[in-house]
Amino acid sequence: TGDIGEIDTDGFVKITDRKKDLIITAGGKNIAPQPIENSLKADPLIEAVCLIGDKKKFVVALIVPNVELCRTWGQVKGEKIESINDCGSNAALRDHFQREVDKVNLELPKYSTIKDFRVLSVPFTIDTGELTPTLKLKRRVIQERYHDLIQTMYPD
């Protein structure tokens, strides 16, 4: 079917990813991105995540912040966050995202850990073609649209 899954302790099959969404690193390691992305999205300040790493030496991430919750977080922390641009430029919020990435990385094999990330200043949307009507990521579109930004995370 093109699905990737696991069998739980009760014998039920749980679909966890799509085979076509697998990231195959330059080292030949297969990484299912959705479970990692979902772990990061467990943080309410993160609205969306797209892992990148196909044919690359390591995995990186594009993070879309939840602006409303980041604004509230900023008020509690004494940080001025009023727009999605502020989310990407605020050092305290970036540190928060780094701690979340570090926490998720602790649970991952070394080859699938996120080595770098960028906070985006625009959300993924259906209208811009980055999401399907069922709100799944269109990785190819995202990789094309953010190619230059992604390249900044892969030094020569």
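Coordinate-derived values only; no laboratory data. Owing to the predicted nature of the structure, the values given are computational and were not obtained by experimental measurement. When we count neighbours, we look across all protein chains shown, and the Cβ atoms used for this are built from the backbone with ideal geometry, even at glycine.
From the square roots a ≥ b ≥ c of the eigenvalues of the alpha-carbon gyration tensor of the chain, which class results: rounded (a/c under 1.5), prolate (a/b over b/c), or oblate?
Prolate shape, in that a/c is at least 1.5 and a/b is the bigger ratio.
Most mobile of ASP127, ASP54, ASP116 per a Gaussian network model of the chain (Cα springs, under 10 Å)?
Of ASP127, ASP54, ASP116, the Gaussian network model singles out ASP127 as fluctuating most.
Within the chain, which is the longest segment containing none of the GluC sites (Glu not before Pro) that sit in a DSSP loop and have at most 14 other Cβ atoms within 10 Å?
With a cap of 14 other Cβ atoms within 10 Å, the longest stretch comes to 1-81.
How long are the semi-axes of the ellipsoid equivalent to region 74-135, from square roots of 5 times the Cα gyration tensor eigenvalues, in whole Å, largest first?
For region 74-135, the semi-axes come out at 23, 22, 9 Å.
Taking Cα atoms, how many degrees apart are the long axis of helix 91-105 and the longest axis of the chain, rounded to 10 and kept between 0 and 90?
20
Given the Cα-Cα distance of ASN38 and THR128 and 0.36 nm per residue of separation, how much length would full extension add, in nm?
Net length gain for the segment: 30.2 nm.
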